[in-house]
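This report concerns only the one structure given below.
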Amino acid sequence: MGMKKHNIVLIGFMGSGKTSNGIALSYKKKIPFVDTDHLIEQAEKRPITEIFATDGEECFRKAETACLTRLLENTDKTIISVGGGTPVRAENRPLLKQLGCVVYLRVKPETVIKRLKGDTTRPLLQGDNPEETVRRLMEAREEAYADSADVILDMDDYRNRDGVEAIVKAVKDFENREEKP
């Protein structure tokens, strides 16, 4: 278990604001932003929907773990947004913690449903009852998210990039607690 890195790792369900806040945070702090989904697509040279369809979720989850391991080896002072399911895999949780301050952007199912209405790019929302899927998945993942997080922020009232100030403050508070003997 090496030294904890100085990244900010954003976790949470789809629609929680990981990407929009991550990009805005990257501008504010003048440090890079990476999205593990994009890194996996680059490494695999194909979209995630295709990985799921062709090789299944397990193959994708293995690719996520490999991606976190690579980030641990060569990334510091970066904003890292991870896929919604990443913390669910137990072996990923210590990797997330080692990567830096893990911020769980928590939202209610209603918020996700409202934000993602009409979004056809998300494989998990393509079923007959996306609302039921969202509720079931969020409930199933809650413990993994909470277990992975250094900081939990409720994001329901923030829109788009509005959560950045809250994230900056939460990370600063966390780092101040960490430095105390």
- For region 136-181, just say rounded, prolate or oblate: build the C-alpha gyration tensor, square-root its eigenvalues into a ≥ b ≥ c, call rounded for a/c under 1.5, and beyond that prolate if a/b exceeds b/c, oblate if not. oblate
- Message: Along the Cα→Cβ direction, 7 angstrom out, place labels at T121 and D157. What is the inter-label distance in nm?
- Response: 2.9
- Item | A146-T54 FRET efficiency (beta carbon distance; Förster radius 30 Å; 0.05 resolution) | 0.40
- Message: Going by amide H atoms built from the backbone, whose H comes under 5 Å of the H on K108, apart from near neighbours?
- Response: D156
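Of F13, F33, how do they rank once you tally other Cβ atoms within 10 Å and put the fewest first?
Details: F13 26, F33 20.
So the ranking, lowest neighbour count to highest, is F33, F13.
I need C101, C59 ordered by Cβ neighbour count within 10 Å, fewest first. If you can, show how the numbers build up before the last one.
Numbers: C101 23, C59 12.
Listing C101, C59 from fewest to most nearby Cβ atoms yields C59, C101.
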- Value of Rg/Rh across region 4-138 [Cα atoms, Kirkwood radius]: 0.95
- Specify which residue in the list G22, Y145, G118 is farthest towards the positive end of the charge dipole of region 7-171, using unit charges on the beta carbon of Lys, Arg (+1) and Asp, Glu (-1), about the Cα centre. G22
- Solution diffusion estimate, µm²/s, Stokes-Einstein, region 67-177, Kirkwood Rh from C-alpha pairs, 4 °C, viscosity 1.567 mPa s: 84
- Task: Can you list which of the GluC sites (Glu not before Pro) found in region 1-105 are DSSP loop residues with at most 15 other C-beta atoms within 10 Å?
- Result: E91
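Using Cβ counts within 10 Å as a stand-in for footprinting exposure, how do T111, T75, T121 rank, fewest first?
Working: T111 20, T75 17, T121 11.
Exposure proxy ranking, most exposed first: T121, T75, T111.
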- Among L96, L105, L116, the residue with the largest mean-square fluctuation in a Gaussian network model of the chain built from Cα contacts under 10 Å is L116
- Could you tell me which of the pairs K77/K117; K77/K180; K114/K172 are separated by over 27 angstrom between their Cα atoms in the structure shown? K77/K117; K114/K172
- Message: Please enumerate, by chain and number, the aspartates and glutamates with C-alpha under 16 Å from the C-alpha of K30, excluding those fewer than 8 residues away in the same chain.
- Response: D76, E165
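Under the rule of -39500 (n - 2.57) per DSSP H run of 4 or more residues, summed and divided by the residues of the chain, what mean residue ellipticity at 222 nm is obtained, to the nearest 500 deg cm²/dmol? Could you put the intermediate results ahead of the total?
On the way: 8 runs with 97 residues, N = 181.
Roughly -16500 deg cm²/dmol at 222 nm, from the helical runs in the chain.
Laboratory data are not the source of any read-out in this text; all were calculated from the coordinates shown. Given the structure is predicted, the values throughout are model-derived calculations rather than measurements. Don't worry about glycine lacking a Cβ; one is built from the backbone with ideal geometry, like all the others, and counts go over all protein chains shown.
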